[in-house]
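Below is one structure, written out as structure tokens; the observations come after it.
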Protein chains: 2
Amino acid sequence: MPKPICLAVDAMGGDFGPEINVPGSLVAARETGARVILVGNEDAIQAELSKHRHNDVEIEIVHTTQLAGMAEKPSDILRRKKDSSIQVAFRLVREGRAQGVVTAGNSGAALACGMFILGRINGVDRPALASIMPTLKNPVVLIDVGANADCKPYNLVQFGLMADILAKHVLGVVTPKVGILSIGEEEGKGNSLTKEAHALLKSSSLNFIGNVEGRDVFAGNTDVIVCDGFVGNVALKLSEGLGNALASMLRTELKKSIWSRLGTLIALPAFKRFGKKIDYAEYGGALILGLNGIAIVCHGSSPARAITTALQQAALFVDKKANEQLVAALHVNTELSLFSRAGRTLASRQEASAL
Amino acid sequence: MPKPICLAVDAMGGDFGPEINVPGSLVAARETGARVILVGNEDAIQAELSKHRHNDVEIEIVHTTQLAGMAEKPSDILRRKKDSSIQVAFRLVREGRAQGVVTAGNSGAALACGMFILGRINGVDRPALASIMPTLKNPVVLIDVGANADCKPYNLVQFGLMADILAKHVLGVVTPKVGILSIGEEEGKGNSLTKEAHALLKSSSLNFIGNVEGRDVFAGNTDVIVCDGFVGNVALKLSEGLGNALASMLRTELKKSIWSRLGTLIALPAFKRFGKKIDYAEYGGALILGLNGIAIVCHGSSPARAITTALQQAALFVDKKANEQLVAALHVNTELSLFSRAGRTLASRQEASAL
């Protein structure tokens with residue numbers, strides 16, 4: 001019998017700590033059969049556990065003494081908070097006691113822990129943040145949503161290769177359609193980064209469909225969209241902000257008269273279904289791809305449901321041996337990879353000579 | 001008595017041609033007192049004019065014989081369509097017969113006509129597209145939304161200076177708050193472009209408030225947000241796409257049962273007010289800033305209302321002598337400008353030596 005999947009949860013992470021991480025973990029453990037290690041202050045975790053039925057799932061607690069703040073500098077957390085729940089949770093993965101980690105804590109710290117505690121998969125130049133977003137049709141994976149503000153063209157190809165594996169094994173898409181976020185449909189449109197990346201993606205093993213414009217992201221005709229981490233982060237946060245702004249404007253208008261209040265009340269189930277469809281909690285968090293182990297960072301204000309979804313995604317990722325698939329995909333694209341490396345070396349030489 | 005403002009309209013532009021451009025122009029002429037020159041096929045324009053009252057406004061027709069397609073290459077339009085309505089409309093501004101031009105036609109062609117027919121204001125390195133967008137509070141000017149896919153830090157400073165004038169004189173903001181679109185609130189966050197631009201903006205004459213994140217764009221706490229044309233175009237089109245996707249999802253849910261249909265019907269006035277609030281037609285089009293003359297590009301599917309708004313904005317821009325203000329603002333920031341030029345020359349030398 002294979003060893004069951006074991007996942008570590010940063011129980012103190014996020015705006016609500018154990019209150020959301022514990023119940024979210026219990027549901028995930030029950031639904032996936034995975035063992036969950038709750039990392040954090042034992043008393044706080046036990047207090048929350050006592051409020052829920054949990055004798056039917058495998059739960060372990062690893063006690064930690066330090067707290068990593070949401071606004072603290074990642075480098076400070078890494079250096080000075082060796083016994084923080086976020087750092088210990090990542091260490092459990094490095095030590096092989098867990099195969100994946102979920103945190104709703106400081107996302108910069110999660111990236112730093114991923115890089116320095118877990119380390120990159122051999123051959124991955126830059127790990128990246130992948131976000132699964134709702135669209136009019138199937139969800140789309142947007143990568144990178146913030147790990148790498150400045151990218152080289154070959155980084156975008158690796159992002160595509162990593163997100164392709166995610167779409168295949170976690171979202172169940174047989175042949176993911178991979179596009180590049182740009183500012184025009186034609187191949188020649190874009191900035192210098194996307195134009196070069198476009199050429200590389202075309203020669204990769206991916207099912208590359210070309211440029212995707214901002215207005216097409218939510219149409220749902222693409223499974224994976226690659227971009228640099230600056231553009232991706234702006235896109236992700238802009239979507240969040242616009243969604244909230246529109247909801248707030250509509251709510252204001254609907255509350256203005258007794259009639260529209262009545263209408264809203266009658267149509268409430270429809271508003272609720274709509275809310276569920278676009279609720280990011282249903283989509284978990286952002287996956288850090290390219291690490292030795294899978295790590296998922298949830299929004300600081302995540303509800304328990306988002307923690308459950310993230311753990312389910314992590315369990316699927318581990319179960320499907322996605323990281324091994326990823327190494328294989330990088331291998332298939334070795335030539336491309338070699339070409340990129342050559343390009344990179346050339347570029348660094350030029351940078352050096354320009355100094 | 002000062003000469004009245006005269007504006008040229010590309011009457012054939014957009015998906016609907018004279019059908020929207022003519023009535024849109026008539027309303028604007030009536031409301032602003034500006035003279036409007038309708039440029040395009042005279043028969044088509046006359047046919048549309050005959051459907052509306054127009055003896056109370058000053059309208060002139062300039063007949064053209066060629067049509068510039070929405071999908072045609074801008075360089076082809078510029079070279080081979082000398083008698084297209086879009087090109088002739090821009091030429092009227094160069095010849096001093098009009099002070100501004102509005103088109104719902106090919107936006108790439110409008111940019112090309114702006115650059116090659118009107119030319120840049122002395123001292124402006126790169127003209128840019130400014131879009132006025134609705135937010136929870138006052139409208140925000142996002143610049144650049146697509147004219148310059150690759151930018152240098154000092155370009156972003158000039159974008160800020162130009163949009164500041166727009167916010168002051170067209171939107172009536174006394175001291176516009178200018179931010180830079182980035183991926184974190186702290187000064188050190190962003191990509192290499194925004195970090196360098198941040199430093200330059202701080203030393204400019206602008207009321208610079210620092211980094212603005214994607215989620216804050218629609219909160220309405222900033223009057224001007226600068227970014228490169230790639231990021232801005234993605235942001236603009238993403239907002240448009242997300243707005244449409246959310247509306248479509250909500251509509252689907254509301255249509256699912258007889259009860260929610262009834263509720264929607266009762267709340268219809270609220271939905272209509274909401275629709276008007278976020279309708280881009282109320283916000284005109286994107287202004288090309290930095291040219292000798294003002295040019296506004298409307299969405300291809302613009303209704304007449306958008307043409308009217310664009311003409312009103314153009315009339316205000318001319319009336320407030322915004323281009324002269326712009327020259328003055330560039331002058332105040334000369335030191336910065338000189339510094340930037342030096343930086344640019346150095347950069348091109350490095351680029352040349354790297355070849």
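Quick check: anything in the stretch A:300-322 within 8 Å of chain B (Cβ to nearest Cβ) and either in a helix (DSSP H, G or I) or within 21 Å of the chain's Cα centre (by Cα) (or both)?
Looking only at the stretch A:300-322, we keep the residues that are within 8 Å of chain B (Cβ to nearest Cβ), and these are none.
Scanning the stretch A:300-322 turns up no residue that is within 8 Å of chain B (Cβ to nearest Cβ) and either in a helix (DSSP H, G or I) or within 21 Å of the chain's Cα centre (by Cα) (or both).
Tell me which residues, restricted to the stretch B:190-227, are closer than 13 Å to A:Val234 by Cβ, hydrophobic (A, V, I, L, M, F, W, C) and over 22 Å from the mean Cα position of the chain (by Cα).
Listed by number, the list holds a single entry, B:Leu193.
Does the stretch B:75-97 include one or more residues that are of a type in the set (A, V, I, L, M), within 25 Å of B:Phe16 (Cβ to Cβ) and within 14 Å of chain A (Cβ to nearest Cβ)? Please lay out each step first, then the result.
Just the residues of the stretch B:75-97 that are of a type in the set (A, V, I, L, M), to begin with: B:77-78, B:86, B:88-89, B:92-93.
After this cut, where a residue has to be within 25 Å of B:Phe16 (Cβ to Cβ) as well, the list is B:77-78, B:86, B:88-89, B:92-93.
Now drop any that are not within 14 Å of chain A (Cβ to nearest Cβ), which leaves none.
Looking through the stretch B:75-97, none of the residues is of a type in the set (A, V, I, L, M), within 25 Å of B:Phe16 (Cβ to Cβ) and within 14 Å of chain A (Cβ to nearest Cβ).
Checking B:His54 against (1) more than 30 Å from A:Gly184 (Cα to Cα); (2) modelled with pLDDT of 95 or more: exactly one of these is not met. Which one?
(2)
Scan the stretch A:205-219 residue by residue and report those that are open to solvent by 10 Å² or more (accessible area, probe 1.4 Å) and either of a type in the set (Asp, Glu) or facing chain B (nearest Cβ under 10 Å) (or both).
Listed by number, the residues that qualify are A:Glu213, A:Arg215, A:Asp216, A:Phe218, A:Ala219.
For the stretch A:1-33: of the residues being charged (D, E, K, R) and in contact with a helix residue (DSSP H, G or I) (Cβ under 9 Å, 6 or more places away or on another chain), which is surrounded by the fewest Cβ atoms within 10 Å (Cβ to Cβ)?
Of the stretch A:1-33, the ones charged (D, E, K, R) are A:3, A:10, A:15, A:19, A:30-31.
Right, trim to in contact with a helix residue (DSSP H, G or I) (Cβ under 9 Å, 6 or more places away or on another chain) and you get A:10, A:19, A:31.
Values: A:Asp10: 33, A:Glu19: 17, A:Glu31: 13.
Of everything passing the filter in the stretch A:1-33, A:Glu31 is surrounded by the fewest Cβ atoms within 10 Å (Cβ to Cβ).
Only residues that are under 21 Å from B:Glu72 (Cβ atoms) and either more than 18 Å from the chain's Cα centre (by Cα) or not assigned by TED's automatic domain parsing to the domain that holds B:Gln99 (or both): list them for the stretch B:16-34, please. Talk me through it step by step, then tell me what you get.
Keep residues of the stretch B:16-34 that are under 21 Å from B:Glu72 (Cβ atoms), which gives B:16-21.
Of everything in the stretch B:16-34, those that are under 21 Å from B:Glu72 (Cβ atoms) and either more than 18 Å from the chain's Cα centre (by Cα) or not assigned by TED's automatic domain parsing to the domain that holds B:Gln99 (or both) turn out to be B:Phe16, B:Gly17, B:Pro18, B:Glu19, B:Ile20.
Checking A:Leu181 against (1) touching a Cys at 6+ places or on another chain (Cβ under 6 Å); (2) part of a helix (DSSP H, G or I), which single condition isn't satisfied?
(2)
Would you point out which residue out of A:Lys237, A:Lys276, A:Lys256 is part of a helix (DSSP H, G or I), more than 19 Å from A:Ala167 (Cα to Cα) and either touching a Lys or Arg at 6+ places or on another chain (Cβ under 9 Å) or open to solvent by less than 10 Å² (accessible area, probe 1.4 Å) (or both)? Walk me through it before giving the result.
Numbers: A:Lys276 fails: either touching a Lys or Arg at 6+ places or on another chain (Cβ under 9 Å) or open to solvent by less than 10 Å² (accessible area, probe 1.4 Å) (or both); A:Lys256 fails: part of a helix (DSSP H, G or I).
Criteria check complete, one pass: A:Lys237.
Can B:Arg126 be described as surrounded by fewer than 24 Cβ atoms within 10 Å (Cβ to Cβ), in contact (Cβ under 8 Å) with a residue 40 or more places away in the chain, in the same structural domain as B:Ala34 (by TED's automatic domain parsing) and not in a helix (DSSP H, G or I)? Before you say what the answer is, go through the steps one by one.
Details: surrounded by fewer than 24 Cβ atoms within 10 Å (Cβ to Cβ): yes; in contact (Cβ under 8 Å) with a residue 40 or more places away in the chain: yes; in the same structural domain as B:Ala34 (by TED's automatic domain parsing): no; not in a helix (DSSP H, G or I): yes.
No; evaluated as a whole, the condition is false for this residue.
Scan the stretch A:47-105 residue by residue and report those that are assigned to a strand (DSSP E or B), open to solvent by 10 Å² or more (accessible area, probe 1.4 Å) and more than 19 Å from A:Gly300 (Cβ to Cβ). Reasoning before the result, please.
To start, the set of residues in the stretch A:47-105 that are assigned to a strand (DSSP E or B) comprises A:59-63, A:66, A:84, A:100-103.
Restricting the remaining residues to those that are open to solvent by 10 Å² or more (accessible area, probe 1.4 Å) gives A:59-63, A:66.
Scanning the stretch A:47-105 gives A:Ile59, A:Glu60, A:Ile61, A:Val62, A:His63.
Would you call A:Asp43 within 28 Å of A:Ala112 (Cβ to Cβ), of a type in the set (Asp, Glu) and either open to solvent by less than 20 Å² (accessible area, probe 1.4 Å) or not in a loop (DSSP other than H, G, I, E, B) (or both)? Don't jump to the end; show me each part of the working.
Working: within 28 Å of A:Ala112 (Cβ to Cβ): yes; of a type in the set (Asp, Glu): yes; either open to solvent by less than 20 Å² (accessible area, probe 1.4 Å) or not in a loop (DSSP other than H, G, I, E, B) (or both): yes.
It is true that A:Asp43 is within 28 Å of A:Ala112 (Cβ to Cβ), of a type in the set (Asp, Glu) and either open to solvent by less than 20 Å² (accessible area, probe 1.4 Å) or not in a loop (DSSP other than H, G, I, E, B) (or both).
Suppose we filter B:Asp216, B:Asp164 for residues that are without any contact (Cβ under 8 Å) to a residue 60 or more places away in the chain and in a helix (DSSP H, G or I); which single one remains? I'd like the intermediate steps shown before the answer.
On the way: B:Asp164 fails: without any contact (Cβ under 8 Å) to a residue 60 or more places away in the chain.
Just a single option satisfies the conditions, and that option is B:Asp216.
Out of (1) of a type in the set (Val, Ile, Thr); (2) part of a helix (DSSP H, G or I); (3) under 21 Å from A:Ala245 (Cα atoms), the odd one out for B:Ile225 is which?
(2)
Would you confirm, using the coordinates I've provided, whether B:Leu181 is more than 13 Å from every other protein chain (Cβ to nearest Cβ), touching a residue at least 40 places away in the same chain (Cβ under 8 Å), touching a helix residue (DSSP H, G or I) at 6+ places or on another chain (Cβ under 9 Å) and open to solvent by less than 20 Å² (accessible area, probe 1.4 Å)? Lay out the reasoning, then the answer.
Numbers: more than 13 Å from every other protein chain (Cβ to nearest Cβ): no; touching a residue at least 40 places away in the same chain (Cβ under 8 Å): yes; touching a helix residue (DSSP H, G or I) at 6+ places or on another chain (Cβ under 9 Å): yes; open to solvent by less than 20 Å² (accessible area, probe 1.4 Å): yes.
Considered against the rule, which asks whether it is more than 13 Å from every other protein chain (Cβ to nearest Cβ), touching a residue at least 40 places away in the same chain (Cβ under 8 Å), touching a helix residue (DSSP H, G or I) at 6+ places or on another chain (Cβ under 9 Å) and open to solvent by less than 20 Å² (accessible area, probe 1.4 Å), B:Leu181 comes out as no.
Restricting the search to the stretch A:106-123, which residues are open to solvent by 10 Å² or more (accessible area, probe 1.4 Å), farther than 20 Å from A:Leu330 by Cβ and touching a strand residue (DSSP E or B) at 6+ places or on another chain (Cβ under 8 Å)?
Across the stretch A:106-123, the qualifying residues are A:Ser107, A:Leu111.
Among the residues of the stretch B:144-153, is there at least one that is within 13 Å of B:Ile288 (Cα to Cα), in contact (Cβ under 8 Å) with a residue 12 or more places away in the chain, open to solvent by less than 30 Å² (accessible area, probe 1.4 Å) and not in a loop (DSSP other than H, G, I, E, B)?
Looking through the stretch B:144-153, none of the residues is within 13 Å of B:Ile288 (Cα to Cα), in contact (Cβ under 8 Å) with a residue 12 or more places away in the chain, open to solvent by less than 30 Å² (accessible area, probe 1.4 Å) and not in a loop (DSSP other than H, G, I, E, B).
If B:Asn323 passes every condition in (1) touching a residue at least 40 places away in the same chain (Cβ under 8 Å); (2) open to solvent by 20 Å² or more (accessible area, probe 1.4 Å); (3) over 18 Å from B:Cys113 (Cβ atoms) but one, which one does it miss?
(3)
Scan A:Lys202, A:Lys189, A:Lys195 and give me the residue that is open to solvent by 10 Å² or more (accessible area, probe 1.4 Å), within 14 Å of another protein chain (Cβ to nearest Cβ) and touching a strand residue (DSSP E or B) at 6+ places or on another chain (Cβ under 7 Å). Reasoning before the result, please.
On the way: A:Lys202 fails: within 14 Å of another protein chain (Cβ to nearest Cβ); A:Lys195 fails: touching a strand residue (DSSP E or B) at 6+ places or on another chain (Cβ under 7 Å).
The unique qualifying residue is A:Lys189.
Which numbered condition trips up B:Pro176, out of (1) open to solvent by less than 10 Å² (accessible area, probe 1.4 Å); (2) not in a loop (DSSP other than H, G, I, E, B)?
Answer for B:Pro176: the failing condition is (2).
Mind listing whichever residues of the stretch B:224-234 are in contact with a Leu (Cβ under 7 Å, 6 or more places away or on another chain) and either open to solvent by 10 Å² or more (accessible area, probe 1.4 Å) or within 7 Å of chain A (Cβ to nearest Cβ) (or both)?
B:Asp228, B:Val231, B:Val234
Given the structure, is B:Asp56 over 23 Å from B:Ala28 (Cα atoms) and of a type in the set (Asp, Glu)?
Numbers: over 23 Å from B:Ala28 (Cα atoms): no; of a type in the set (Asp, Glu): yes.
Considered against the rule, which asks whether it is over 23 Å from B:Ala28 (Cα atoms) and of a type in the set (Asp, Glu), B:Asp56 comes out as no.
The values are calculated or read from the model by the stated rules, or taken from the named source; none is laboratory data. On a predicted model such as this, the values are computed, not experimentally measured, just so you know. No Cβ is skipped: glycine too gets one built from the backbone with ideal geometry, and neighbour counts run over all protein chains shown. To get the accessible areas, we keep the full protein, side chains included, count just its heavy atoms, and leave off ligands, DNA and RNA. Shrake-Rupley method; radii C 1.70, N 1.55, O 1.52, S 1.80 Å.
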